[in-house]
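The values are calculated or read from the model by the stated rules, or taken from the named source; none is laboratory data. This one's a predicted model, so the numbers in the text were calculated from it and none came from an experiment. Please note: Cβ atoms are built from the backbone with ideal geometry, for glycine as well, and neighbour counts cover all protein chains shown. Each accessible area value is taken on the protein alone, full model and side chains, heavy atoms only, with ligands, DNA and RNA left out. Shrake-Rupley method; radii C 1.70, N 1.55, O 1.52, S 1.80 Å.
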Amino acid sequence: MQRGPVQWQHDWAKGAVFYEVFVRSFYDSNGNGVGDINGLIAKLDYLNDGNPATTTDLGVDALWLMPVFQSPSYHGYDTVDYETIEQDYGTNEDFQRLLEEAHRRGIRVIVDFVVNHTSSQHPWFLEASSSPTSPNRDWYVWSPARIEWAQPWGGGQTWHERNGAWYYGVFWGGMPDVNWRNAEAKAEMLRIARHWLERGVDGYRLDATRYLVETSGGAGQSDTADTHAALKDLARAVRETKPDALLVAENWTDTPIIATYYGSTSTIKGGDEMPMNFNFPLATAMLQGINSGSATPIALKLREMLRTYPEGVLDAPFLTNHDQRRLGSELGNNQAKLRSAASVLLTLPGAPFLYYGEEVGLLNGPTGGDESKRTPMPWTPQGGFTTGSPWFQYASGAASANVASQTGDPNSLLSRYRNLIRARNASVALKKGSLEMLDSTSGQVLAFLRRTESETVLVLHNVGDSFITAGPLSVSAAGLDAVLVDSGVNVSGGNNSWNVGMPPRSTGVWRLR
């Protein structure tokens with residue numbers, strides 16, 4: 001009897017909370033000023049100690065590690081060896097121990113896999129650029145003359161000279177694009193994907209997936225049919241190797257285009273292409289709404305997603321990441337806004353991603369460069385990241401925005417994150433339920449239901465700076481049982497008509513009785 005296609009097994013990821021780590025900046029175990037894998041292992045209990053009964057850990061379910069493979073750059077997005085761990089971070093054996101220690105605590109680990117390009121120092125490219133007759137020549141995209149294609153987001157040129165010929169590198173000359181039309185190059189990328197899955201990695205965050213296969217300048221440099229086809233091949237290879245492995249794609253674009261990257265759900269439940277995609281438009285809407293005190297942009301974006309995304313797919317909401325100015329700085333270090341942002345994010349469907357330090361209100365660093373978005377994690381008021389000199393200076397505000405100062409304070413931002421994640425894990429509807437938008441009759445209150453067959457919860461967020469009464473809310477329930485309700489929030493009414501008084505920047509979550 002002929003078997004059907006291998007299906008994704010992603011029940012574990014539905015509602016899971018992910019934590020993005022830049023290993024270089026998380027914790028330094030040997031005092032050389034650079035964070036490393038052994039340092040990350042030492043801090044796993046902070047992230048999740050494996051005991052659901054304790055309340056001192058953050059409670060995250062999974063880690064996303066920014067690039068950990070060998071690279072000449074501090075950030076690692078130009079890989080020179082996909083099978084060797086970056087020597088600044090440790091060894092392959094250290095990484096294997098990280099997987100074992102994380103899994104022992106119930107933490108899954110996905111890693112950045114840069115499939116669009118390599119470093120110009122990668123042996124593949126050195127060989128390919130050595131001669132027009134190199135057996136690796138077609139692993140990259142070449143032209144005998146320069147082609148005038150600007151970067152698709154507006155910017156510099158994308159063709160670069162090497163040894164009398166021109167190669168395509170959409171980001172810059174140090175990152176030549178891999179030619180996914182070449183069967184050998186593609187097969188090698190798929191082999192590497194299988195290799196780390198077999199070693200115990202739980203999936204990949206895929207960088208710059210919109211730009212994988214280009215067909216012409218302008219519109220032909222992103223979102224092409226060939227790109228979608230290549231991603232489906234990659235997804236199939238991952239699914240057939242490890243069905244519970246996760247792929248989450250970086251498609252930094254508008255909601256209707258992101259929706260296309262899930263592929264078809266007719267034969268593969270959850271989508272035959274990328275089973276999860278980062279939700280950049282929702283992140284923008286959340287920051288805009290929380291900064292301005294208006295729930296309207298958030299509600300509009302959530303309604304657009306409900307109309308646009310294929311039914312049953314997995315969203316990846318987040319607030320900021322390593323390419324963006326820090327959330328604490330975006331929200332003016334306003335603690336009420338930071339608490340509100342966390343509350344909205346961690347009550348949404350999908351698998352929310354936190355960026356390391358977000359949970360203590362880490363601010364942007366002192367420069368305008370990317371390094372200032374990726375500064376060392378503040379563990380103590382003095383920093384606590386290293387016993388030596390940190391590779392990059394701490395961001396300002398570490399005297400209060402640090403783990404030690406906030407750990408014992410029930411009113412701290414860190415405690416808020418811990419409480420929200422515990423509430424999420426204690427409610428099947430909050431973790432895995434569908435989303436049903438409600439009309440709160442107020443533009444500063446975001447109101448929705450999260451629903452499963454066994455449980456429904458009502459969620460209200462007052463993202464404004466004034467007290468307001470939300471309602472009457474048309475919610476059929478004999479009563480409302482508190483799941484997580486901020487001080488001062490009060491409920492009146494009953495049956496099918498409820499009014500909720502909400503102080504500024506407050507949240508209420510109730511189980512419908």
**Message:** Suppose the Debye formula is applied to equal point scatterers at every Cα of region 1-110; what is log10 I(q)/I(0) at q = 0.17, 0.19, 0.24 Å⁻¹?
**Reply:** -0.84, -0.98, -1.33
**Prompt:** Counting only protein heavy atoms and using a 1.4 Å probe, what share of the accessible area of region 361-481 belongs to carbon plus sulfur, as a whole percent?
**Reply:** 48 percent
**Prompt:** By how many degrees, 0 to 90 and rounded to 10, does the Cα axis of helix 225-241 deviate from the longest principal axis of the chain?
**Reply:** 80 degrees
**Request:** Note down the net charge around Arg191, summing +1 for each Lys or Arg and -1 for each Asp or Glu among other residues with Cβ under 11 Å from its Cβ.
**Result:** -2
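Quickly rank 252-263, 274-285, 48-59 as a protection proxy: mean count of other C-beta atoms within 10 Å, highest first.
Working: 252-263: 18.1, 274-285: 23.4, 48-59: 14.8.
Descending mean neighbour count gives 274-285, 252-263, 48-59.
How long are the three semi-axes of the equivalent ellipsoid of the chain, in whole Å, if each is the root of 5 times an eigenvalue of the C-alpha gyration tensor, listed from largest down?
In descending order, the three semi-axes are 39, 27, 22 Å.
May I ask you to give the solvent-accessible area per residue for the chain, in square angstrom, as obtained with a 1.4 angstrom probe? Each step should come with its number before you reach the end.
Working: 18740 Å² over 513 residues.
Computed with neighbouring chains in place, this is 37 Å² per residue.
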**Asked** In whole Å, what is the distance between the alpha-carbon centres of region 33-51 and region 419-463?
**Response** 31 Å
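How do the peptides 153-163, 82-92 rank, highest first, by the average count of neighbouring beta carbon atoms within 10 Å per residue? Can you show the working numbers first?
Working: 153-163: 14.0, 82-92: 17.7.
Result, highest mean first: 82-92, 153-163.
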**Item:** Most to least packed among 343-349, 421-427 [average Cβ atoms within 10 Å]
**Value:** 343-349, 421-427
**Helix 335-345 axis, angle to the chain major axis (alpha carbon atoms, nearest 10°)** = 70 degrees
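Which shape class, rounded, prolate or oblate, goes with region 181-259 when its Cα gyration tensor gives a ≥ b ≥ c as root eigenvalues, a/c under 1.5 marks rounded, and past that a/b bigger than b/c marks prolate? Let's see the in-between values first.
Details: a/c = 2.59, a/b = 1.53, b/c = 1.69.
Since a/c reaches 1.5 but b/c is at least a/b, the shape of region 181-259 is classed as oblate.
I'd like the Kirkwood hydrodynamic radius of region 287-350, using the inverse of the mean 1/r over distinct C-alpha pairs, in Å. Kindly include the intermediate steps, with their values, before the conclusion.
Values: mean 1/r = 0.0777 Å⁻¹.
It works out to 12.9 Å.
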**Message:** Among Gly164, Ala208, Asn92, which residue has its Cα furthest toward the positive end of the charge dipole of the chain, with +1 on Lys/Arg Cβ and -1 on Asp/Glu Cβ?
**Reply:** Ala208
**Asked** Once the Cα atoms of helix 296-308 and of the chain are each reduced to a long axis, what angle between those two axes, in degrees from 0 to 90 to the nearest 10, is obtained?
**Response** 60 degrees
**Complete:** Sorted largest first, the C-alpha extents of region 386-473 along its principal axes in whole angstrom are 56, 33, 24
**Complete:** Nearest-0.05 FRET efficiency for Val6 and Ile192 at R0 = 25 Å, using Cβ-Cβ distance, is 0.80
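Run the dipole for region 411-478 about the Cα centre, Lys and Arg Cβ at +1, Asp and Glu Cβ at -1, nothing else charged, and hand back the magnitude in debye, nearest 20. Each step should come with its number before you reach the end.
Working: 8 positive and 5 negative charges, 89 e Å.
Around 420 debye, computed over region 411-478.
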